[in-house]
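Trainee: Just dropping this structure here.
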Amino acid sequence: MLDIDTLAAQAETLSKKLNISKYDISGSAIDSTSVQIDQGKPKQVKASQRSSVTVRVWNDAGTIGIASTSDIDMEGMELALKTAKEASNFGNKENIPGFSPEAKTPVADLKHPKVAPLPVNALIEKLAAAETELLGAHEAIDSLPYNGISQTESEGFYVNSDGARRVDGGTSAVTYLYTKAQEEDRRPRSAGAYRVGYGVEELDLKGCIAETAEKTISHLGYDKIETGKYTVVFSPEAMLSLVGAFSNMFNAQNILDNMSLSDKDSLGKELASPKLSVYDDELHEANIGASTFDGEGTPTRRVALIEKGVLTGFLHSAGTAKRLDAKPTGHANLGAKVTVSPNFFHIAGGEGGDLSLETAENVVYIDELSALHAGVQAMQGSFSLPFDGWVVNKGQKVSVESATVAGDIRELLKNIAQVDVEEKQTPSGVAPHIWVEGLSITGE
C-alpha cells in the first residue's frame, strides 16, 4: 500500500518551498497482468505498472490551477505543484471549486480480500483449456477471437492541505470468452460471457465456458423477425447499459450545463413505473473494485436515484452540491476540470409477477445492446440500437438474425411491466431481468 503519511509529508514540504498554501492531490497506482491466446498459444501478454496523479493549487486570489503527472516521487510532485500554481493565474473565476466538506469524514471499512497474483503461465494454461473446451462444444464453433484473463492490483489516494488523508486499494480479476461459429451457407454467429472476482482462482471459468457455449449454440438456428411492437425482456447487462447511456438524468453537472433530460426541479417527480428503483452504490458487496472515496476525498455511499418510479437523487461533486444546495455524493473525478460520473448501478430486484419466459408468447429477449456510442441521443432521450437476442415462445428460443430496438428512454421507464426478483452481478452494476411493453423492433 502507498504510505499516505509519507506522501502527505512530501506534499507539505514541497508546498512550503513553493509558497503554496492551499492544494490537494488525488491519484492512483495500478499493477496489472493480462493474457490472450489463439489456438492454445499466447497471442498477447501484457504487464504494466502505471500511475496517475492530479494536483490542484489555489492561489491568493482564489482561482485554481490543475496539473497531472505519472510520478509520485519528490521531483514529479514538485513539478506538478509548480505547474498547477502557474496555471492558477489563468483559472476560471466563476464557480471555483473548493475542498469537499466531507474530505475528512470517516469512510467505510471495506473488507475486500487482497489476492496474490498468479504467474503468467498459469493464466495461459487456464485460458487455453477454456478454448479447447469451447471448440469441442459444437462442430460449428471454429475460433475464440476475443478472450482474456487479467489480474489487477490498484491503490488510490487523496490528500489536501487541510489535513485530509485517504488511501485504499485491492485486487480484482476478470475473464471473458467470445466465440465465432460458422455453418455452411449461414451467417457467422458469435456470443460471449465473462466472470469477475478478487483473484483468478475465484473466477468461475466452468460457468463462463458453459454460458458462452449455450449462447453460441442457441444463436445458430437464427431467423428473421417481423418489424413491429413487442414485449421486450432486457437482460441485466442490457438494462444496465441503457441506464448508463442515459445517466445524464442523474448527473448534477449535466443538469447545471443544461445537458440533461432532468433539471434542478425534477426531484420528486415521477420518472418511471413504480415497479422500478435504481441506486448508485459504489459500496455494494458485488462491486469487486469498490473505492471508499472519490477524486475529491468525499466518501462513497449508496445514493437513491429512483425509488418506486420517483426521481429521488442526483450524483454530485462538491461543486455541484454547493450550487444546488445539496451534499456531495462521492462521484467526482479530477482531471482538467472536475467531472461527475456514476460508479456502480444497482437496479433493485422487484416483486416479480406472472410474466415468465417459460409461459410468455412471442416476446423478445435482448441479451446485449450494441453501438451505444452512435445509437443513443442522450439529450433527446431517444435510442435505436442493434441487439443480440432471441424471440421466445413458451420457453423455446429462436435467435434473431439482425434487428434494432428503438424508443424513448422516458417512455421505456414508464412502460416497465415487471421487474424480476433475482439479481445478477456484472462489472458495471447489479440488476434483474426487466420486462417492457410496446417497444419497436425493426428486423431486416
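Each row is one residue, and each column tells you yes or no for (1) of a type in the set (D, E, K, R); (2) farther than 29 Å from A61 by Cβ.
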| position | (1), (2) |
| --- | --- |
| A87 | no, no |
| L118 | no, yes |
| A122 | no, yes |
| E125 | yes, yes |
| E133 | yes, yes |
| A137 | no, yes |
| P145 | no, yes |
| Q151 | no, yes |
| E155 | yes, yes |
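Trainee: Which of the residues that make up region 39-83 are more than 30 Å from I124 (Cα to Cα), charged (D, E, K, R) and modelled with pLDDT of 90 or more?
Mentor: Result: R56, D60, E75, E78, K82.
Trainee: Specify which of the listed residues (D257, D204) is surrounded by fewer than 16 Cβ atoms within 10 Å (Cβ to Cβ), closer than 28 Å to A378 by Cβ and not assigned by TED's automatic domain parsing to the domain that holds V421.
Mentor: Testing whether each residue is surrounded by fewer than 16 Cβ atoms within 10 Å (Cβ to Cβ), closer than 28 Å to A378 by Cβ and not assigned by TED's automatic domain parsing to the domain that holds V421 leaves just D257.
Trainee: Residue by residue through region 31-50, note down the ones that are more than 26 Å from the chain's Cα centre (by Cα) and either exposed (fewer than 13 other Cβ atoms within 10 Å of the Cβ) or within 12 Å of Q151 (Cα to Cα) (or both).
Mentor: Answer for region 31-50, where residues must be more than 26 Å from the chain's Cα centre (by Cα) and either exposed (fewer than 13 other Cβ atoms within 10 Å of the Cβ) or within 12 Å of Q151 (Cα to Cα) (or both): Q39, K41.
Trainee: Are there any strands (runs of 3 or more DSSP E) wholly within region 343-444 with 3 or more residues that are over 20 Å from the mean Cα position of the chain (by Cα), and if so which?
Mentor: Of the strands (runs of 3 or more DSSP E) lying wholly inside region 343-444, those with at least 3 residues that are over 20 Å from the mean Cα position of the chain (by Cα) span 363-369, 382-393, 396-399, 403-408, 416-426, 429-443.
Trainee: Specify which of the listed residues (P106, P101) is assigned to a loop (DSSP other than H, G, I, E, B) and either surrounded by 13 or more Cβ atoms within 10 Å (Cβ to Cβ) or of a type in the set (S, T, Y) (or both).
Mentor: After applying the criteria, what remains is P101.
Trainee: Right, another one. Go through region 403-424 and report how many residues are surrounded by 16 or more Cβ atoms within 10 Å (Cβ to Cβ) and more than 23 Å from A374 (Cβ to Cβ).
Mentor: 9
Trainee: Which ones in region 334-358 are under 19 Å from S260 (Cβ atoms) and modelled with pLDDT of 95 or more?
Mentor: T339, V340, S341, P342, N343, F345
Trainee: Which one of the conditions (1) assigned to a loop (DSSP other than H, G, I, E, B); (2) more than 30 Å from L118 (Cα to Cα) does I72 fail to meet, given that it meets all the rest?
Mentor: Unmet for I72, out of (1) assigned to a loop (DSSP other than H, G, I, E, B); (2) more than 30 Å from L118 (Cα to Cα): (2).
For every residue, the table says whether it meets (1) surrounded by 12 or more Cβ atoms within 10 Å (Cβ to Cβ); (2) within 33 Å of the chain's Cα centre (by Cα).
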site: V57; (1), (2): yes, yes
site: D60; (1), (2): no, no
site: D71; (1), (2): yes, yes
site: L79; (1), (2): yes, yes
site: E86; (1), (2): yes, no
site: N89; (1), (2): no, no
site: N92; (1), (2): no, yes
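Trainee: A further question on this structure: For residues that are among the basic types (K, R) and outside any loop (DSSP other than H, G, I, E, B), scanning just region 75-98, find the one that is farthest from E201 (Cα to Cα).
Mentor: Per the criteria, the residue is K85.
Trainee: Scan G228, G163, G221 and give me the residue that is surrounded by fewer than 18 Cβ atoms within 10 Å (Cβ to Cβ), of a type in the set (G, A, S) and under 30 Å from S100 (Cβ atoms).
Mentor: G163
Trainee: Then there's this: Restricted to region 2-25, and to residues that are part of a helix (DSSP H, G or I) and among the hydrophobic types (A, V, I, L, M, F, W, C), which residue is nearest to G170 (Cα to Cα)?
Mentor: I4
Residue-by-condition table, conditions (1) surrounded by 15 or more Cβ atoms within 10 Å (Cβ to Cβ); (2) assigned by TED's automatic domain parsing to the domain that holds G438:
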{"residue": "H316", "(1), (2)": "yes, no"}
{"residue": "K322", "(1), (2)": "yes, no"}
{"residue": "P328", "(1), (2)": "yes, no"}
{"residue": "A336", "(1), (2)": "no, no"}
{"residue": "F344", "(1), (2)": "yes, no"}
{"residue": "L355", "(1), (2)": "yes, yes"}
{"residue": "V364", "(1), (2)": "yes, yes"}
{"residue": "D367", "(1), (2)": "yes, yes"}
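Trainee: List every residue pair whose Cβ atoms lie under 7 Å apart, where the two residues are 6 or more positions apart in sequence or sit on different chains, the first residue falls within region 156-169 and is farther than 15 Å from K22 by Cβ and free of Cβ contacts under 8 Å to residues at least 60 places away in the same chain, and the second residue, located anywhere, is surrounded by 18 or more Cβ atoms within 10 Å (Cβ to Cβ) and of a type outside the set (K, R).
Mentor: Cβ pairs passing all conditions: none.
Trainee: Would you mind telling me which numbered condition in (1) at pLDDT below 95; (2) closer than 30 Å to E282 by Cβ; (3) not aromatic (F, W, Y) G395 fails?
Mentor: The one condition G395 does not meet is (2).
The values are calculated or read from the model by the stated rules, or taken from the named source; none is laboratory data. Keep in mind that this is a model prediction, so the values were computed, not measured. Backbone-built Cβ (ideal geometry, glycine too); neighbour counts: all protein chains shown.
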